[in-house]
1. Hey, got a sec? Which trypsin sites (Lys or Arg not before Pro) in the stretch 143-183 land in a DSSP loop and have at most 14 other Cβ atoms within 10 Å?
2. Mind running the shape call on the stretch 216-283? Use the C-alpha gyration tensor, a ≥ b ≥ c as the square roots of the eigenvalues: rounded below 1.5 for a/c, prolate if a/b tops b/c, oblate otherwise.
3. Heavy atoms only, 1.4 Å probe, whole protein assembly: order 201, 168, 244 by accessible area, highest first.
4. Using label points projected 7 Å from each Cα along Cα→Cβ, tell me how many nm separate residue 322 and residue 293, to one decimal.
5. With charges set only on the Cβ (+1 for Lys and Arg, -1 for Asp and Glu), what does the dipole of the stretch 131-185 come to about its Cα centre, in debye to the nearest 20?
6. Give me the net charge for the shell around residue 124: Cβ to Cβ below 11 angstrom, other residues only, Lys and Arg +1, Asp and Glu -1.
7. Within the chain, which complete DSSP H helices have Cα atoms spanning at least 24 Å along the helix axis and a mean Kyte-Doolittle hydropathy of -0.5 or higher?
8. So what is the accessible area of the chain per residue, in Å², with the probe set to 1.4 Å?
Amino acid sequence: MTRKRVLSGIKPTHDSFQLGNYLGAVKQWIELQQEHDAFYCVADLHALTVETDPALLHKRTLASAAQLLALGVDPERCTLFLQSHVAEHNQLGWVMECLAGFGEASRMTQFKDKSQKSGADRTVVGLFTYPMLQAADILLYQADYVPIGEDQRQHIELTRDLAGRFNSRYGRTFQLPEAYILKSGAKIYDLQDPTSKMSKSAGSMQGVIEIMDAPEVNAKKIKSAVTDTGREVRFDEKEKPGISNLLTIHSVLSGRSIAELESEFAGKGYGDFKAVVAEVVVEYFRPIRQRALEILEDESGLLALLHQGADKAALVAEKTLSEAYRNLGLVQR
Ligand code: ATP
Ligand code: MG
């Protein structure tokens, strides 16, 4: 039986991943690479939607690859590459832009959120069209599953719509991908604003757990997480979003159920609870951070690995693109 194909990516928009990137996405990447034919990329082209100093983008791209490896992405089991190393992404991206409706693209909530935050003057066209590039990223590899966090679900729906539209107009070319979203811990919220999602390019990093930050920094952020005025450590996303978020974080990292944690902390205050969550988080990421720093010390080794990944990815991408071009009626070279 052939293994199902998986594709996912992460943008190098910050020096460090945040906790939600791991719990919502990368943790699943690591599980999926065991039984699937997985393609994982650092989506450096997507990072261009935010203006970034070139030296910083370069550094963040390598740091992202190093963090993926340190978290357990294994190049022996999957294909790890940089998106910009495989030119077919842009080529199929244009095709997707020509299939997508303007109204359809305007309904993407990520665009609405991000453009509202940065204001019209700082919103680039690439932010509007990136879901179409993302559709190309996925469809190029004929992915069956796309492991993502809840915040990306709408983009996968768009990808399916575009793939379906292409297939019905030009003949079956693309596999329709499915979002693969972990039920528990799928969405992690900002510690200072527990109703908005944790994000590595947030305006303030006060409520964001960065996995490459020093343990003391993260412990402090968790201890000053916003909670409600009550006293009970109980999972209730409506009434207690802050406490519920911390319970989710503890539960996913420690592998213990929410119910078990609720009874352990019955009668104890929020302070005690936060101190334990801080400990769980810090100890979990301590060796991972160390490993990522070691990987970054050997830059040529890291690059060699990424080049191999790009070669493997390009084989699949070239095949899909040439089929799509042929089906569109473009004259073959
Ligand atoms: P940015 O602010 O630059 O968009 P981000 O933190 O949202 O950064 P992405 O690179 O957009 O990170 O996303 C990488 C993966 O992490 C995606 O699969 C996304 O769904 C997932 N993800 C991002 N934030 C969260 C979150 N708070 N909870 C769960 N999953 C998340
Ligand atoms: Mg994002």
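1. Values: sites: 153, 160, 165, 169, 172, 183; in loops: 172, 183.
Those that pass, being in a loop and sparsely packed, are 172, 183.
2. Because a/c hits 1.5 or more and a/b fails to exceed b/c, the stretch 216-283 counts as oblate.
3. Numbers: 201 65, 168 100, 244 5 Å².
Highest to lowest solvent-accessible surface, that is 168, 201, 244.
4. 4.7
5. Magnitude of the dipole: close to 240 debye.
6. Net of charged neighbours comes to 0.
7. On the way: long enough: 54-71 (25 Å, 0.76); 153-170 (26 Å, -1.21); 270-297 (40 Å, 0.20); 299-328 (41 Å, 0.02).
Membrane-span-like by this rule: 54-71, 270-297, 299-328.
8. 48
The values are calculated or read from the model by the stated rules, or taken from the named source; none is laboratory data. Quick caveat, the model's predicted, so the values are computed rather than measured. Every residue, glycine among them, receives a Cβ derived from its backbone with ideal geometry; neighbour counts consider all protein chains shown. For accessibility, only protein heavy atoms count, side chains too; no ligands or nucleic acids. Shrake-Rupley method; radii C 1.70, N 1.55, O 1.52, S 1.80 Å.
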